[in-house]
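*Asks:* Below: one structure in structure tokens.
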Amino acid sequence: MAGVVPHLAETNLLRIVQAIRDLFEGRSNAVGDLTLTANVASTSFTVKNCGSGSKILLTATTANAAAEIAAGGFYVSAVASSSFTITHANNAQTDRTFSYAIQG
């Protein structure tokens, strides 16, 4: 769920207040959905809100995604400015889909 993102030079007080309220109500532009790439052992994602110290929070949204987590070889293996990488099983499944939130 996206929130209002005021420009750095924003002077409209109502827009600034709405952006602050959005944050307090849990809205963020640092969320989305992703699907692991089939037939490889890791998948990289480009996300502009990601920083080198960010924490990536993932929630499985399909049965195969949940099974991927349960198998024990699934983890965030790298976090950098504007990207993160997930290491996972190398298989042909094309529906290992997750929702993500980035913090920090």
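Bear in mind these aren't lab numbers, they're just calculated from the coordinates by the rules spelled out. Note that the coordinates shown come from a computational prediction; the quantities given were computed from them, not determined experimentally. Using ideal geometry, Cβ is built from the backbone for each residue, glycine included, and neighbour counts are taken over all protein chains shown.
*Asks:* Considering only SER52, THR37, VAL17, whose Cα is most displaced toward the positive end of the charge dipole of the range 15-63, charges sitting on Cβ of Lys, Arg (+1) and Asp, Glu (-1)?
*Replies:* The residue sitting farthest along the positive end of the dipole is VAL17.
*Asks:* Once amide H atoms are built 1.01 Å from N in the peptide plane, which residues 5 or more positions from GLY3, or in another chain, come under 5 Å H to H?
*Replies:* The answer is SER28, ASN29.
*Asks:* Could I ask something else about it? With charges set only on the Cβ (+1 for Lys and Arg, -1 for Asp and Glu), what does the dipole of the chain come to about its Cα centre, in debye to the nearest 20?
*Replies:* Numbers: 6 positive and 6 negative charges, 35 e Å.
That gives the chain a dipole magnitude of about 160 debye.
*Asks:* Please give the per residue volume of the convex hull enclosing the alpha carbon atoms of the range 1-67, rounded to a whole number of Å³.
*Replies:* It comes to 121 Å³ per residue, whole-number rounded.
*Asks:* Here's something else I'd like to know. When the chain is treated as a GNM, springs tying every alpha-carbon pair under 10 Å, which of VAL79, VAL17, VAL47 comes out with the largest mean-square fluctuation?
*Replies:* Result for the chain, Cα springs under 10 Å: VAL17 fluctuates most.
*Asks:* So what's the back-of-envelope 222 nm ellipticity for the chain, counting only DSSP H runs of four-plus at -39500 (n - 2.57) apiece and dividing by all residues, rounded to 500?
*Replies:* Helix-only estimate at 222 nm: -6000 deg cm²/dmol.
*Asks:* Something else: Can you list the residues, at least 5 places off or on another chain, whose amide H is less than 5 Å from the amide H of SER42, using H built in the peptide plane?
*Replies:* HIS88
*Asks:* Let me ask you something else. Given a cut-off of under 8 Å on Cα pairs at least six residues apart, what relative contact order in percent is computed for the chain?
*Replies:* Answer for the chain is 35 percent.
*Asks:* Can you work out the Karplus-derived ³J(HN,Hα) for every residue in the range 18-27? Use 6.51 cos²θ - 1.76 cosθ + 1.60 with θ = phi - 60°, whole Hz, and x for glycine or proline.
*Replies:* Each residue of the range 18-27 in turn: 4, 4, 5, 4, 4, 4, 5, 8, x, 7 Hz.
*Asks:* Measure off 7 Å from each Cα along the Cα-to-Cβ vector at ALA101 and ARG21, then give the distance between these two points in nanometres to one decimal.
*Replies:* Result: 2.1 nm between the two label points.
*Asks:* Using modelled amide H (1.01 Å from N, peptide plane; none on Pro or chain starts), what sits under 5 Å from the amide H of ARG96, excluding residues fewer than 5 places away?
*Replies:* Those lying under 5 Å, H to H, from ARG96 are LEU36.
*Asks:* Compute the FRET efficiency between ASP33 and ALA80 as 1/(1 + (r/R0)^6), taking r as their Cβ-Cβ distance and R0 = 22 Å, and round to the nearest 0.05.
*Replies:* 0.60
*Asks:* So what's the Cα pair-distance distribution over the range 29-103, bin width 5 Å, in %?
*Replies:* All Cα pairs considered, the percentages come to 4, 17, 30, 26, 15, 7, 0.
*Asks:* Now, a different point. Roughly speaking, what is the stretch gain from THR61 to GLU10, that is 0.36 nm per residue apart minus the C-alpha to C-alpha distance, in nm to one decimal?
*Replies:* 14.7 nm
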